[in-house]
Amino acid sequence: MTRKVAFLDRDGTINVDHGYVHKTTDWEFTKDAIHALRRLTDFGFAIAVVTNQSGIASGRYSSADVDQLHEFMQLTLENLGVEIDAIAVCPHHQDDRCKCRKPQLGLAADVQQQLNEDIEYAASWTIGDKLSDIEFGRKLGTHTALIRSRYWNELELDSDSTLVVESLSEAVDQIVST
Ligand SMILES: [Mg+2]
Ligand SMILES: [Zn+2]
């Protein structure tokens, strides 16, 4: 059996990017994110969170802090009937040259292992607010949606094959209507 997967960036996509978010008090879902996650599930997507957390490598917070925050995120969503199927974290710094920091593809292998199913990449989507998210998705062979953010500008966008949106919610609106 194969699954189509929504590979979702975390900060700036699922939650508001307040900068190195690692406490539950700093956790704020982006507008209509919860509803968007539910619709992705209803539409048959496995939900995978793929997130670079270099704050761990730099000592701003620990991987236990990140795990706790993710438990909080999952519990909050579960109480609303929304399940996250996989969470994959890169704890490294850019200089570590690891194989998991997006746009490297290591986190996708992690997701595949957690799902324990083959992924149908051509039917999958990657959604994020940085160009590194889009590069990750392109290399995987998924569709891609890029959320407008301070991290990129139109001039850097070298292709029109990426859906450009204001939010996760808008991305999902478009995905489920195509
Ligand atoms: Mg982000
Ligand atoms: Zn890494």
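The values are calculated or read from the model by the stated rules, or taken from the named source; none is laboratory data. In this text the structure is predicted, and so the values were computed from the model without any measurement. Backbone-built Cβ (ideal geometry, glycine too); neighbour counts: all protein chains shown.
Here are some notes:
- Looking only at residues of region 8-57 that are closer than 19 Å to residue 102 by Cβ, of a type in the set (Gly, Ala, Ser) and touching a residue at least 12 places away in the same chain (Cβ under 8 Å), we find that the one that is farthest from ligand 1 (Cβ to nearest atom) is 46.
- Residue match in region 139-149 (condition: polar (S, T, N, Q) and within 23 Å of residue 16 (Cα to Cα)): yes
- Single residue of region 50-69 satisfying the filter (out of contact with any strand residue (DSSP E or B) (no Cβ under 7 Å at 6 or more places or on another chain) and within 12 Å of ligand 2 (Cβ to nearest atom)) that is nearest to residue 136 (Cα to Cα): 54
- Taking region 117-132 as the range and being touching a strand residue (DSSP E or B) at 6+ places or on another chain (Cβ under 6 Å) and within 16 Å of ligand 1 (Cβ to nearest atom) as the test, the residues that pass are 125, 126, 127, 129.
- The residues of region 143-172 that are of a type in the set (Gly, Ala, Ser) and more than 14 Å from residue 8 (Cα to Cα), listed by number, are 149, 159, 161.
- Matching residues in region 163-178 - criterion: being hydroxyl-bearing (Ser, Thr, Tyr), at pLDDT 95 or above and outside any loop (DSSP other than H, G, I, E, B): 169
- Scope region 140-162; condition more than 16 Å from ligand 1 (Cβ to nearest atom) and either surrounded by 18 or more Cβ atoms within 10 Å (Cβ to Cβ) or modelled with pLDDT of 95 or more (or both); matching residues: 140, 141, 142, 143
- A count restricted to region 40-72 and to residues that are touching a Gly at 6+ places or on another chain (Cβ under 9 Å) and of a type in the set (Phe, Trp, Tyr) stands at 1.
- Residue check for residue 83: surrounded by fewer than 16 Cβ atoms within 10 Å (Cβ to Cβ), modelled with pLDDT of 95 or more and in contact with a Lys or Arg (Cβ under 7 Å, 6 or more places away or on another chain): no
- In the set (1) more than 16 Å from ligand 1 (Cβ to nearest atom); (2) within 27 Å of residue 164 (Cα to Cα); (3) loosely packed, with under 13 Cβ neighbours inside 10 Å, residue 108 fails one condition alone, (3).
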